[in-house]
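These notes concern the structure reproduced below.
The values are calculated or read from the model by the stated rules, or taken from the named source; none is laboratory data. It should be emphasised that the depicted structure is a prediction, and the values quoted were computed from it without experimental measurement. All Cβ positions, even for glycine, are placed from backbone atoms using ideal geometry, and neighbour counts span all protein chains on display. For accessibility, only protein heavy atoms count, side chains too; no ligands or nucleic acids. Shrake-Rupley method; radii C 1.70, N 1.55, O 1.52, S 1.80 Å.
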Amino acid sequence: MTDHHLHDDPELAFETLAVHAGAEPDELTGAVAPPIYQTSTFAQDGVGNPRRGYEYARSQNPTRERLERAVARLEGGTHGIAFASGSAATAAIAELAGQGDEIVVGDDVYGGTYRYLERVRRGAGVDARYIDLASGQDALWEALSERTRLVWFETPSNPHLKVVDIAATVASVARREAEGGRRPLVVVDNTFASPALQRPLASGADIVFHSATKYLAGHSDTILGVVATSDDAVAERLRFLQNAMGAVPGPLDCFLVLRGLRTLHLRMERHVANASAVAEFLRGRGDVAVVYYPGTGGMVSFLPAAGGAHGRAPADRAIAVAEGTRLFTLAESLGGVESLVEVPAAMTHLSVAGSALEVSPALVRLSVGIEAIDDLVADLTRALDGA
């Protein structure tokens with residue numbers, strides 16, 4: 001099977017594509033597990049005549065190309081562009097907005113995204129406006145202007161797990177264009193859902209991207225970012241930036257994500273089942289004030305109530321819970337097979353402290369893994385009881 005055949009067959013199910021896209025047997029030897037091209041450069045057949053177009057591994061690498069094809073196919077796009085991290089992908093996409101442009105951003109995003117837009121792009125003359133895009137389209141419509149180049153959001157969002165209607169957002173920017181205004185590009189960070197649960201390009205988004213470190217790779221053993229699009233001009237610009245900025249992933253990292261993709265559908269089924277059960281458990285606890293869970297995905301956030309075993313304030317209980325679990329490892333990141341717990345205000349979202357996006361110090365974020373659900377619930381029970 002070749003990737004060409006995959007692209008020619010629209011009837012293949014997602015599960016089949018996850019196993020085969022980008023993972024076709026090696027053309028040279030037939031190896032079912034394709035080789036990792038761990039090389040920095042390539043021998044050329046003549047001066048200025050690189051073999052099959054390969055000249056330098058920052059610009060092209062066969063292992064990276066397999067990953068890019070795979071993610072593009074899984075997202076229903078025609079182009080994939082891989083980067084050294086999700087943050088590098090963020091930086092490249094943000095470069096699509098130039099001096100004087102504005103980016104309308106969902107008001108619940110990863111702290112690193114906020115940090116880059118505020119402390120890097122704003123200094124280059126690109127403004128960011130933070131809007132509650134989950135509240136409906138009126139807020140977006142009022143925010144759009146002739147300066148708006150990108151509409152950028154996560155769904156579900158990080159860490160409050162807000163859900164934004166992608167198709168409705170696309171309809172709003174299309175209406176803007178129909179009325180004679182500038183049509184911004186719709187950018188969706190699909191990290192929390194993965195293409196196993198939603199495909200934003202199918203709803204009309206222009207760009208979708210991932211911290212592939214998370215669910216796509218799925219095993220907490222690599223750092224990588226990837227963008228997918230069907231817009232030829234956007235892809236051309238992002239590929240130029242990928243090469244010019246040099247923030248490319250190494251071939252081993254690409255291999256690890258490719259391997260993770262092959263079980264993505266299976267892992268997401270278990271993540272969703274376990275997270276749903278954890279959310280239900282938390283909602284049944286009298287010492288939990290609020291539970292955030294959108295009904296799908298593997299992420300759950302919650303606010304403990306004041307009190308508990310030691311009469312603590314909610315923020316103190318949050319720390320006690322995060323430090324009191326055994327199976328839920330206290331760590332940043334998410335999306336791996338193992339369960340993780342963190343307090344975003346002091347960890348992943350420290351950079352939004354003091355801003356309109358500030359996170360409650362009492363918020364606890366769980367990345368629910370694929371362990372036995374009874375063990376996970378027992379672990380949370382012990383931690384909450386002790387907090």
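Just a few scattered comments:
- Residue within segment 169-186 that is in a loop (DSSP other than H, G, I, E, B), among the hydroxyl-bearing types (Ser, Thr, Tyr) and either surrounded by 20 or more Cβ atoms within 10 Å (Cβ to Cβ) or modelled with pLDDT under 95 (or both) present: no
- Scanning segment 321-331 for residues that are open to solvent by 40 Å² or more (accessible area, probe 1.4 Å) and under 18 Å from residue 303 (Cα atoms) yields 323, 330.
- In segment 111-133, the residues that are touching a strand residue (DSSP E or B) at 6+ places or on another chain (Cβ under 7 Å), open to solvent by 30 Å² or more (accessible area, probe 1.4 Å) and either closer than 21 Å to residue 344 by Cα or part of a loop (DSSP other than H, G, I, E, B) (or both): 118, 130
- Among the residues examined, residue 150 does not qualify as of a type in the set (A, V, I, L, M), open to solvent by less than 50 Å² (accessible area, probe 1.4 Å) and free of Cβ contacts under 8 Å to residues at least 40 places away in the same chain.
- In this structure, residue 213 does not qualify as touching a strand residue (DSSP E or B) at 6+ places or on another chain (Cβ under 9 Å), surrounded by 21 or more Cβ atoms within 10 Å (Cβ to Cβ), farther than 29 Å from residue 376 by Cβ and β-branched (Val, Ile, Thr).
- The residues of segment 226-270 that are part of a loop (DSSP other than H, G, I, E, B), open to solvent by less than 70 Å² (accessible area, probe 1.4 Å) and on the phi < 0 side of the Ramachandran plot, listed by number, are 230, 231, 247, 248, 249, 250, 263.
- Filtering segment 89-120 to residues that are basic (Lys, Arg) and within 18 Å of the chain's Cα centre (by Cα) leaves only 115.
- Given (1) over 21 Å from residue 207 (Cα atoms); (2) open to solvent by 80 Å² or more (accessible area, probe 1.4 Å), number of the condition residue 78 does not satisfy: (1)
- Flag for residue 83 being in contact (Cβ under 8 Å) with a residue 24 or more places away in the chain and aromatic (Phe, Trp, Tyr): yes
- Hey, residue 280 open to solvent by 60 Å² or more (accessible area, probe 1.4 Å) and either more than 19 Å from residue 83 (Cβ to Cβ) or not in a helix (DSSP H, G or I) (or both) or not: yes
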